Every structure is written in C-alpha cells, then in structure tokens.
1. Once the Cβ-Cβ distance between residue 20 and residue 50 is put in as r, and R0 is 22 Å, what FRET efficiency do you end up with, to the nearest 0.05?
2. Kindly state, to the nearest 0.05, the FRET efficiency for residue 13 paired with residue 39, given R0 = 35 Å and r defined as their beta-carbon distance.
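Read the figures in this text as sums done on the coordinates, not as results from a lab. These numbers were taken from a predicted model, which means no experiment stands behind them. Note that each Cβ is placed from the backbone with ideal geometry, even for glycine, and that neighbours are counted across all protein chains shown.
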Amino acid sequence: MPDHVGSTQATSSDQHVRERRRRTIAKVESSIRSHFGQEFRIGAFGSTQYGVDGRNSDLDLVVIVGIFLMFHLCGSENITGPQQDNRIQP
C-alpha cells in the first residue's frame, strides 16, 4: 500500500520552504530599497528560480539596478562609441 501521508508531508514541507524563501527575498529587497532607493530589485536565480530548490538548497540572489540609475553610476564618460540610446527597448 503506498504511503500517501509521507508524500503529503514532503509537499507541505516544500511549500513551507518556498514560502520562507519568498519572505526572505521580500525582506532583503525591502531592506536594500529602503537603504539605497526604489531603483533596486532583488531576483532569485538557480534552483529557487526554477522551483526545484529543497530544504538544503542555497538561496541565490541578484541585485538588479534600475536602468536609469545604472547609466548615472557608469557616467557618460565611460560610454564609448556612437551616441547610445538610454531608453528602455521592448
């Protein structure tokens, strides 16, 4: 007879882990945005992004800088070549 209880517990545990990771990402993003500005976002990548993470997986995060802030930080003197179009393209 199959063990459906064990399967249900594993699914519940995975959902709990993913919810904790989602809350962690939100807290990190909130902290960074409150300290550095609203131009910053946090994104997950790796196993968390693809939904194959588990209890023992690490949490890979990337800080995404807003496009206009990025140009400001780089400075126009660092842009070489023809005039660059700073508008966001689809």
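1. Efficiency at R0 = 22 Å is approximately 0.80.
2. Using R0 = 35 Å, I get an efficiency of 0.45.
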